[in-house]
Every structure is written in C-alpha cells, then in structure tokens.
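A quick write-up on the structure given underneath.
Throughout, read-outs are computed from the coordinates displayed, never taken from laboratory work. If you're wondering where the values come from, they're calculated on a predicted model, not measured in any experiment. Cβ sites come from the backbone with ideal geometry, for glycine too, and all protein chains shown count toward neighbours.
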Amino acid sequence: MFVDPRGNSDTTTLIYTSPDVLKRGVYLTEFDIHVGYIHIKNPIALAPMAGITNIDFVMDNAMSAGIAVIGGYNLDDATNEAARRINERGRAEFLTPDPIEHMRRELDRLKGIDNPPTVALNVRSTEITPLIKAALLAKEYDAILEIDCHCRQPEMIDIGVGEPLLHDLPKLGSIISKVKKTGVVLSVKTRSGIVDDRELAVAIEGAGADIIHIDAMEPGFGADYNAIKTVRNATDLFIIGNNSVTDFRSAKDMFGYGSDMVSLARAVLEIPGVIDTLVRSVTTFQKQTGWYNAPKHICSGGDDRALAFCCLPVKRCALMQVLRRYGMTPQEFADLKVELSRGTPLELGDNTCFGTLIWCCKLTKPCFMRDAVLAQIGISGARYMELKKRLSEGILEHLEKLPISAAVND
Ligand SMILES: Cc1cc2nc3c(=O)[nH]c(=O)nc-3n(C[C@H](O)[C@H](O)[C@H](O)COP(=O)(O)O)c2cc1C
Ligand code: SF4
Ligand code: SF4
C-alpha cells in the first residue's frame, strides 16, 4: 500500500512511499539550521517588501517563519530622499530619517515573545558608516543584516544602490568585507540572470558574506531553479531561494536544487496563512524523510549533493558530465562512495538493483526493493536519508579538494 500525495495538500501525506517505512523510528524530528551565531527554527522565510514588511506585518503573517526579513530600510539621506520620491509616485517605501532607532524599536517589539522568527534587516545605503551601524544593531539583537542588491527602482539605481551593486563586484566585495568586520551574520539579496550567477556568488562568498538570498527570477517563466543549482555547486554559502514560492510543491522544487531555505513575498499578500501552511508541511516532510532539502537526482537536474543517490556508474548518463567536471573516473567515484559508506547500513541491500543501498535512489522515489531492505534491516526512511545526507557531505568534501574544469562547468 502506498500513500499518493500528488495533488494532495494534506501535510501528513507528502511523500510517495510505504507507510511502514515512514512509521519505523523517525530520527530527525527537528531542523538543525545554523548560520554563524543564529539558530533558525525552520526553513521558511518572509521576503522583504519595502513599505510593507515591518514588525506589524510579521506579527500578522509570519510569526511561524524561520526568518522574517523586514525592510528595505533606507539608512542615509540619499536613500531616504530616493524613497520619498518613490512614495510620491505611489509606490510604498519606508521613510526612516532615524533608521537605527527605528529598526531598534522594531526589534524591541519581539522581545519577550516566545519563539519568534529570526529577524533580518534588509537595508540600502550609499555610505558605509550607516551599514556598519545597522550591522552592529543586528548583531546586538541576534539578527541578520541583509544588503539589498535587488532594488531596481530608478531613483535607487540613480544613486548606485540596489541592483547596480551586482555590476560592480569590487565595490560590493569591499562593502561586504567592511560590514563583516562587525561579526554580523550577513546576507546579500540578489537577482539571478543579471550578471554571471556563479561569478557573483563566488565573489560574495570570497568577500565573507554568510548568506545569499537569491530572487531566481526568470521573467515570464517563474523561478529559474538552475540559478540556485549554479550557486549551490559553486559555493558553500547558505542559500535562501526566492521567487514564485506559493505552496509546498514550489518550495520543494526550490529545496531540490540546493536552497537551504525558501522565502516568499507576494504569496504572503495573496494567500492567507501561507507561511503557517508551509511551515507545517515542511516540518512534516522533515519528520517523514529526514532531509527536507534533499536534492533531485542528477538526471532530474539536481545539484552535486545528489551524487549520494547515483547508481553504480555503469552506463552513460548525466552523472558522466558531473564526473568530467571534477576530472574523476567512474571507477574513482564508485570507490569513493564505497569507502565513505564503509561500516554503515548503506552497505546492505543484496536485493537492490546494484547490490547495496549505496547506489539507491532517494526516499521519495517509490521502490519496493529498497523499502523491503529498509524493513528487513529495521531502519526508517528518515534514517536512510540521514545516512545519504552524510554520504553526500563526504562526497562533496572530497570533490571540493579537486580542481573544477571550467570548460564543462554547468
Ligand atoms: C512590493 C514589493 C516590494 C519589494 N521590496 C523589496 C525590498 O525592499 N528589498 C528587497 O530586497 N526585495 C524587495 N522585493 C522583492 C521580494 O523580496 C522578492 O524578491 C520578489 O517579490 C520575488 O519573490 P516572490 O515571488 O515571493 O514575490 C519587493 C517585492 C515586492 C512585491
Ligand atoms: S547514475 Fe543514476 S541517478 Fe545518477 S544521473 Fe545517472 S541515471 Fe541518474
Ligand atoms: S533498488 Fe530501487 S531505490 Fe535502489 S537503485 Fe534500484 S530502483 Fe533505485
């Protein structure tokens, strides 16, 4: 008997596998999400909307979120003047002539509240000093500072804040490294497809930022998941994937290409309770599968973490391109997976396609042979995925030491 969740929004039936495998001893019931000094309670975030996302909005819509990004706040005279002109033509903006005190008052409102979201302050400034002051404030409140490299309102572009920073990597890198000296957990909000996504992410990581919050926009097509995958494969940055997340299916896609978290903006305005619904769904999914952001298989477009789910390399398939990128032979890859799985239950599984669970697919791919092995050896689906996650981490740790061939970079 199988549970079929397709088209079903019931959060108790999110995966397509044997209920027996689901029931047996769930191991991972909580999220283990940390960035620097911050523990994040779950991987769903509110994305910033200028003039809208303040603490009142968070209290009404996003108290269950892992992160609530508020702002964008304007930290200096030039950005406040630009915001005033944007307001005048009818688009909402926060006018914050005394931004640090304003943000402090907002942060204070969550004090004493049980289990609030982590707050991130999305900010713009033409000068460095206000950014540093905002960083110190964020750090004082165990919050995140987020530099807005996303805004493309003409008034902001004219003064060189927002999207123009994506085109000036030396300037962006210099801002990041100066702000990071405060010790704040730093996020950079970007748009994909504007400049080379890989080069941008590598520069952001190199300058010392912790988080990249990517609006993976593809005009007219919704989200560009490949942009997330590119960043996942190129960096160790914590990724918040953003754009067109409206339900668990779209969130799961964002996770499957490498996002550590997903964020929502417009959907929060349009779908009442969407953050609460998603938090419930992803929590159930984590309990059932043990790896809420497990990658899609490589042949379904997944990122390199998915090598943990790859078959014994005996045929021509998408795996070969990944191995070529790392200059690795199929035999070396097979040896690596075997070595990293030694002494774990993944070595078992005579009745699977390739004789051990080392080569088996992810839990959400239905397979009675794998599930029979899991039943026989008495481990849950969540435990199986936990072992695959560790295998994936081991593989990536090994691959990071290898030179990547730029010629076959994806
Ligand atoms: C009204 C509005 C205001 C926004 N203001 C900001 C902002 O101040 N800073 C920022 O980084 N992104 C801002 N964004 C972009 C959103 O955070 C998000 O990246 C974008 O809407 C795509 O995500 P979605 O599909 O979930 O809406 C804004 C978006 C909207 C709709
Ligand atoms: S080895 Fe298997 S899972 Fe990996 S890409 Fe090839 S067919 Fe897909
Ligand atoms: S036994 Fe099932 S899970 Fe394992 S490789 Fe074959 S199809 Fe995939």
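For a paramagnetic label modelled at 7 Å from the Cα of Asp77 toward its Cβ, which residues of segment 119-143 fall within the zone defined by backbone nitrogen distances under 16 Å? Counting backbone N atoms under 16 Å from the label point, the list is 125-130. Taking amide hydrogens as placed 1.01 Å from N in the peptide plane, the amide H of Arg191 sits under 5 Å from those of Asp215, each at least 5 positions away in sequence or on another chain. Considering only Cα atoms, the convex hull volume of segment 33-243 works out to 115 Å³ per residue.
Rounded to the nearest Hz, the phi-derived 3J(HN,Hα) couplings of segment 82-87 under the Karplus curve 6.51 cos²θ - 1.76 cosθ + 1.60 (θ = phi - 60°) are 4, 5, 4, 5, 5, 4, where x marks glycine and proline.
Just how many % of Cα pairs in the chain lie over 29 Å apart, if you round to the nearest whole percent? Tail fraction, whole percent: 46. Pairs of Cα atoms nearer than 8 Å and 6+ residues apart set the relative contact order; for the chain it is 17 percent. Annotation for segment 89-130 versus segment 314-336: alpha-carbon center distance of 48 Å. I'd like the distance between the alpha-carbon centres of segment 34-66 and segment 162-194, rounded to an integer number of Å. If you average the Cα positions of each part, the centres end up 21 Å apart.
Please give the direction-averaged projected area of the C-alpha convex hull for segment 100-162, in square nanometres with one decimal. Mind dumping the intermediate values first?
Details: hull surface 18.4 nm².
Answer in nm², one decimal: 4.6.
Name the longest site-free stretch of the chain, where the excluded sites are GluC sites (Glu not before Pro) in a DSSP loop with no more than 16 other beta-carbon atoms within 10 Å.
Working: sites that count: Glu30, Glu127.
In short, 128-410.
Computed from backbone phi, the HN-Hα couplings of segment 210-215 come to 9, 10, 10, 9, 9, 7 Hz, rounded to whole numbers (Karplus: 6.51 cos²θ - 1.76 cosθ + 1.60, θ = phi - 60°; Gly and Pro given as x).
Over segment 159-208, the ratio between the Cα radius of gyration and 2.2 N^0.38 Å evaluates to 1.08.
Find the all-direction average of the projected area of the Cα convex hull for segment 323-391, expressing the result in square nanometres with one decimal place. Could the numbers behind the result be given before it?
Working: hull surface 19.5 nm².
The directionally averaged projection comes out at 4.9 nm².
Going by how many other beta carbons lie within 10 Å of each one, how would you line up Ser263, Ser341, fewest first? List each step's numbers first, then the result.
Values: Ser263 31, Ser341 22.
Least crowded to most crowded, the residues run Ser341, Ser263.
Fewest first, what order do Tyr37, Tyr292 take by the number of other Cβ atoms within 10 Å? Kindly include the intermediate steps, with their values, before the conclusion.
On the way: Tyr37 11, Tyr292 24.
Taking fewest neighbouring Cβ atoms as first place, the list is Tyr37, Tyr292.
So what's the back-of-envelope 222 nm ellipticity for the chain, counting only DSSP H runs of four-plus at -39500 (n - 2.57) apiece and dividing by all residues, rounded to 500?
Working: 16 runs with 165 residues, N = 410.
Per the formula, -12000 deg cm²/dmol.
A full extension of the chain between Asn87 and Arg266 corresponds to an added length of 62.5 nm, given 0.36 nm per residue minus the alpha carbon distance. Cut-off 16 Å, label point 7 angstrom out along Cα-to-Cβ of Glu127: give me the residues of segment 54-98 whose amide nitrogen falls inside. Zone members listed by number: 74-82, 96-98. Above 16 Å, the calculated P(r) of segment 163-267 contains 53 percent of its Cα-Cα pairs. Considering only Ile240, Thr277, Gly301, the residue lying farthest towards the positive end of the dipole of segment 230-318 is Gly301, judged by Cα position with unit charges set on Cβ. Using the alpha-carbon positions of segment 178-230, Rg (one decimal) and Dmax (whole number) come out as 12.2, 40 Å. Which percent of Cα-Cα pairs in segment 276-315 sits in each 10 Å bin, short to long? Reading upward from the zero bin: 28, 38, 27, 7, 1.
Determine the dipole magnitude for the chain: charges of +1 sit on the beta-carbon of Lys and Arg, -1 on that of Asp and Glu, nothing else is charged, the reference point is the Cα centre, and the result goes in debye to the nearest 20.
Numbers: 46 positive and 53 negative charges, 217 e Å.
Using only the charged Cβ atoms, the result is roughly 1040 debye.
With 29 Å as the limit, the listed pairs Lys41/Lys181; Lys133/Lys287; Lys189/Lys296; Lys189/Lys389; Lys180/Lys362 have Lys133/Lys287; Lys180/Lys362 beyond it between alpha carbons.
Note on the chain: dipole from Cβ charges, positive end direction compared against Ala47, Gly381, Phe31; the farthest Cα belongs to Gly381. Panel note: the C-alpha atoms of segment 270-383, placed on their principal axes, show extents of 52, 36, 22 Å (largest first). Put in order of Cβ neighbour count within 10 Å, fewest first, the listed residues Ser64, Ser125 become Ser64, Ser125.
Under 5 Å between amide hydrogens, built in the peptide plane, is the criterion, and for Met49 it picks out Gly71, Gly72 among residues at least 5 positions away or on other chains. Model label points for Arg104 and Tyr37, set 7 angstrom from Cα along the Cα-to-Cβ axis, are 1.7 nm apart. Summing Cβ point charges (Lys, Arg +1; Asp, Glu -1) relative to the Cα centre of segment 26-178 gives a dipole of roughly 80 debye.
Database remark: amide H of Val35 closer than 5 angstrom to the amide H of Ile40 (H placed geometrically; neighbours at sequence offset of 5 or more, or on other chains; Pro and chain starts carry no H). Taken over segment 265-333, the percentage of Cα pairs per 5 Å bin, counting from 0 up to the bin with the maximum distance, is 3, 14, 18, 14, 11, 11, 10, 8, 7, 3, 0.
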